[in-house]
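Everything below concerns the one structure shown next.
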Amino acid sequence: KSGKRQELDLDDAELAAVLELLAAGLPAAPLLAYRRGRRRVPLTPRDVNAYVRAVTGGAFTAKDFRTLRGTVLAADALARIGPARTRSDRRHAEVLAVKAAAHALGNTPTVARGSYIDPRVFVRYRRGVLLDATVSPESAIRALILG
């Protein structure tokens with residue numbers, strides 16, 4: 001995002017092979033592109049968001065998916081840390097959760113917390129409510145956020 005380099009480890013051999021082929025293009029060529037006739041056209045955020053809206057039938061964008069991922073990552077980190085006994089423990093746990101989400105998203109903690117983590121995760125954590133690992137991930141995050 002924003003020209004920032006990311007390093008990813010892939011456990012999917014087929015996906016790794018496809019990405020290798022895409023990256024083997026011209027040095028300045030965009031990784032994500034599609035063919036229009038004989039030309040290779042860069043895939044733009046506008047294209048991606050139009051696709052997301054068409055597939056979901058809603059007014060969603062790629063940012064909504066980044067926010068969902070950041071929210072899930074932060075909630076999962078807080079669940080792994082467990083309930084905080086003191087205000088200091090709670091603050092420390094929240095900082096760790098934000099750092100985990102920021103790292104995975106390739107953002108700073110400030111950007112991750114302000115833009116990509118639903119604040120209700122922290123509100124629930126302060127009340128002692130954690131992500132429920134005994135149900136499906138979809139049900140767990142829905143229950144946590146919607147309370």
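The values are calculated or read from the model by the stated rules, or taken from the named source; none is laboratory data. Small disclaimer: the values here were computed from a predicted structure and weren't measured. As a convention, Cβ positions derive from the backbone with ideal geometry for all residues, glycine included, and neighbour counts pool all protein chains shown. SASA here: full protein model, heavy atoms, side chains in, ligands and nucleic acids out. Shrake-Rupley method; radii C 1.70, N 1.55, O 1.52, S 1.80 Å.
Do we find that THR86 is touching a helix residue (DSSP H, G or I) at 6+ places or on another chain (Cβ under 8 Å) and within 28 Å of PRO119 (Cα to Cα) in this structure? Steps first, please.
Numbers: touching a helix residue (DSSP H, G or I) at 6+ places or on another chain (Cβ under 8 Å): no; within 28 Å of PRO119 (Cα to Cα): yes.
No: the conditions fail for THR86.
I need the full set of residues from the stretch 1-29 which are surrounded by 10 or more Cβ atoms within 10 Å (Cβ to Cβ), outside any helix (DSSP H, G or I) and either in contact with a Lys or Arg (Cβ under 8 Å, 6 or more places away or on another chain) or modelled with pLDDT of 85 or more (or both), in order please.
Correct list: GLY25, ALA29.
Looking at the stretch 43-66, I want the residues that are at negative phi and have a partner that is assigned to a loop (DSSP other than H, G, I, E, B) and of a type in the set (Phe, Trp, Tyr) with Cβ atoms under 8 Å, at least 6 apart or on another chain. Which pairs are those?
Between residues of the stretch 43-66 that are at negative phi and residues that are assigned to a loop (DSSP other than H, G, I, E, B) and of a type in the set (Phe, Trp, Tyr), the close pairs are VAL52/PHE60; ARG53/PHE60.
Please enumerate the residues belonging to the stretch 30-72 that are surrounded by fewer than 13 Cβ atoms within 10 Å (Cβ to Cβ), of a type in the set (Gly, Ala, Ser) and farther than 30 Å from ALA100 by Cβ.
GLY37, ALA50, ALA54, GLY57
Are any residues in the stretch 123-147 of a type in the set (A, V, I, L, M, F, W, C), open to solvent by 70 Å² or more (accessible area, probe 1.4 Å) and either touching a Gly at 6+ places or on another chain (Cβ under 9 Å) or part of a helix (DSSP H, G or I) (or both), and if so, which ones?
Taking the stretch 123-147 and keeping what is of a type in the set (A, V, I, L, M, F, W, C), we get 123, 129-131, 133, 135, 140-141, 143-146.
With open to solvent by 70 Å² or more (accessible area, probe 1.4 Å) added as a condition, the list becomes 133, 146.
Once the filter is applied, which keeps residues that are of a type in the set (A, V, I, L, M, F, W, C), open to solvent by 70 Å² or more (accessible area, probe 1.4 Å) and either touching a Gly at 6+ places or on another chain (Cβ under 9 Å) or part of a helix (DSSP H, G or I) (or both), the stretch 123-147 yields only LEU146.
What are the residues in the stretch 73-104 that are farther than 20 Å from ASP9 by Cα and open to solvent by 60 Å² or more (accessible area, probe 1.4 Å), if any?
The answer is ARG80, ILE81, PRO83, ARG85, THR86, ARG87, SER88, ASP89, ARG91, HIS92, VAL95, LEU96.
Out of the stretch 105-122, which residues are within 21 Å of ASP89 (Cβ to Cβ), open to solvent by 50 Å² or more (accessible area, probe 1.4 Å) and in a helix (DSSP H, G or I)?
Listed by number, the residues that qualify are PRO109, ARG113, ARG120.
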